[in-house]
Amino acid sequence: MTSASSYSEYENIRADDLSAQARDIFENTLGLPRDSVASAPGSTGAESERFVQEFRLQSNQSDRFEWQLGLFYTKEEAVNQSLVQVELVPPNAQILFGIGEPFAPFIQGDSILIQDVVFTSEFEELAGFVNAKYFFRPDLDIDLGVRYSDTENNTDFDYDGLFVDPNASSVNSATESVTTYRAALSWRVEDTLSLYASVATGYRPGWSNAAVVNIQTGETSDPFIESDELISYELGAKGALRDGELNYDIALWYQDWEDFQSSETFPGQGTFGGNGDATIVAMGFEATVNALLTDSLLIQGTLAYADSELDGDSEQLNGIDGEQTRNLPEWTASLRATYNFPITQTIDGSIVLGLRYTDEFNTAYIGNFEPGLSGQPIQAPIDSILVTDLSTSFTAGNYRVNLYATNLFNDDDLDGGSASSFFVPGVSNARGRGVPLQPRTVGVSLRYSF
C-alpha cells in the first residue's frame, strides 16, 4: 500500500502595459486620431490552494500476473482577477462618448474601463484506476489499465467593463464522468531486442473562461471550455548492437485529438482558451542512438518528425483543413559528442560538443474566413535554427570543474513567438511577437561529491 499526499499554495501578481493593443483597437479600428491613447495599464492576479491524495495497492512482483488498484482525489480553489483601463488624451474620450453605446457607461473623464473581472473557481476530481499485467510466457506480456473519473467545476463570475459580457456575472457549474484506458503488448525477442505496441486514451477536464465581448458584433467568447479527448497509438523497438556499444530506441506514433483545448484571440483580446472546433491528426517518429565509437568517444543523437494537421476547418482559430499545427516544427534533432581523456594520473578531462536543430514553424494559423473573419491571412513564421554548445570539464577525486558556453556563436535567431489578429469589416490588424534565442552564455560550475 502506498499513500501520496500533497498540498500547495500559489500566488502571482502581474502588471502589463497594454498600450499597443489599445492603439490597435481604438485608433486603427474605431477611428480615433493617432496618438489618442496615452496609456493602458493592466494588472492580473491569481491565487490558488490545491490538495491531492492518492492511494495505491499493488501486488508483489511475479512472473505470471501483477496488479494494481488505486484511488485519486484532488480539490483546487482559486481566485482570478483582471483590471484594465485605457487613458485617452483629452478630448478623445468625448469623441467616443459621442459615438454612443457601448462606450458611454464605461467612460469616466478620459479613462475607459476595459475590464474589471473577478471570478472564483473550485475544481474537484475523484477517480479510481486498475492496472493488470499478464505474462503469456517470460518474454511476452500484456499490460492493461482503465481509469474512471468524476469531475466537478464551479465558477462564480463578477464582470464589469466595455470588453466583457455583463450577462456572464453568474455561476457556471459543470460535471463530467470520463473513462480512459491503456493497453500495451511487449515482446522481448532476445536479450538485445525488445518490441512493443500500445494504445491509450486521455482527456483534460473542462474549465471556465473569461467571457470577453466583440464590441463590433456583440459576440461573446465561450464562457466555458469543454473537455478534450485524445487517442494515441505507438509502435517501438529498443535494442543494442556490437555487444552493447550501440544502443537505440525507435518509436512510431499516431494521435487523434478531438475538440482540442487551445489558446485563442477573440477580436483584439486574449482569452484563456477555446475548443478548436476541429480535430488534430498527428503522426511521426522519434529515434535515439548512443554509440561508443572508442573507449574515449561517445556519440549521442536524437531525431524526431511530427506531421500534425488540422482535420477540418476551424473558424474559431482561423485555421483551414490541412494546416500544420501552430508552434510545432516538423523536424527536430540533436547531436552530442563526448571525448574523455586523461590529463595526469589524478586528473581526467572531457570535451563535449553539442548541436541542436529545430525546423521552421508557424506561430499562427493562416486561414481566412468570410464574413465571420474578414481581412488578410497573417503569417508569423519562426525560421529554422542550429545552435552549437561547447563545454569542457576537469575531474580530480571528488572535485569537478566545468567550463561551458551555450549558443557558442551567439546566433540571434528567434526561438519561438506568437501572433494574434482581430478582424472587423474592412480592417485587418495583426501583431507578432518573437522570443529571442538565449544569447551566448559562458559560465563555470564546481561540483563536489560526498
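What would the Debye equation give as log₁₀ I(q)/I(0) for segment 313-364 at q = 0.20, 0.25, 0.29 Å⁻¹, counting only Cα atoms as equal point scatterers? The calculated log intensity ratios at q = 0.20, 0.25, 0.29 Å⁻¹ are -0.79, -0.94, -1.06. Structure remark: mean-square fluctuation, Gaussian network model of the chain, C-alpha springs under 10 Å; the largest value among P439, P138, P329 belongs to P138. Rounded to the nearest Hz, the phi-derived 3J(HN,Hα) couplings of segment 395-402 under the Karplus curve 6.51 cos²θ - 1.76 cosθ + 1.60 (θ = phi - 60°) are 10, 9, x, 8, 9, 9, 10, 10, where x marks glycine and proline. Applying 1/(1 + (r/R0)^6) with R0 = 30 Å to the Cβ-Cβ distance of W67 and S177 gives a FRET efficiency near 0.80. Around the Cα centre of the chain, unit charges on the Cβ atoms of Lys, Arg, Asp and Glu (plus for the first two, minus for the last two) sum to a dipole of about 1640 debye.
Were the residues from V401 through R34 laid out at 0.36 nm apart, the gain over their Cα-Cα distance would be 126.4 nm.
GNM remark for the chain: springs join alpha carbons under 10 Å apart, and the peak mean-square fluctuation among F103, F361, F341 falls on F341. A P(r) calculated from all alpha carbon pairs of segment 1-129, with 5 Å bins opening at zero, reads 2, 9, 14, 13, 10, 7, 8, 7, 7, 6, 5, 4, 4, 3, 2, 1, 0 percent. With K and R counted +1 and D and E -1, the other residues having a Cβ less than 15 Å from that of S111 yield a net charge of -4. A simple spin-label model places pseudo-atoms 7 Å from Cα toward Cβ; at R242 and F224 they are separated by 5.9 nm. Given their separation in residues at 0.36 nm each and the Cα-Cα distance between them, D413 and E330 gain 28.1 nm when the chain is fully extended.
Close amide H pairs (under 5 Å, H built 1.01 Å from N) link D413 with L437, residues at least 5 positions away or on another chain.
Bear in mind that the values in this text are calculations on the coordinates, not laboratory data. Since we're looking at a predicted model, the values are computed, not measured. Reconstructed Cβ throughout: ideal geometry from the backbone, glycine too, with neighbour counts over all protein chains shown.
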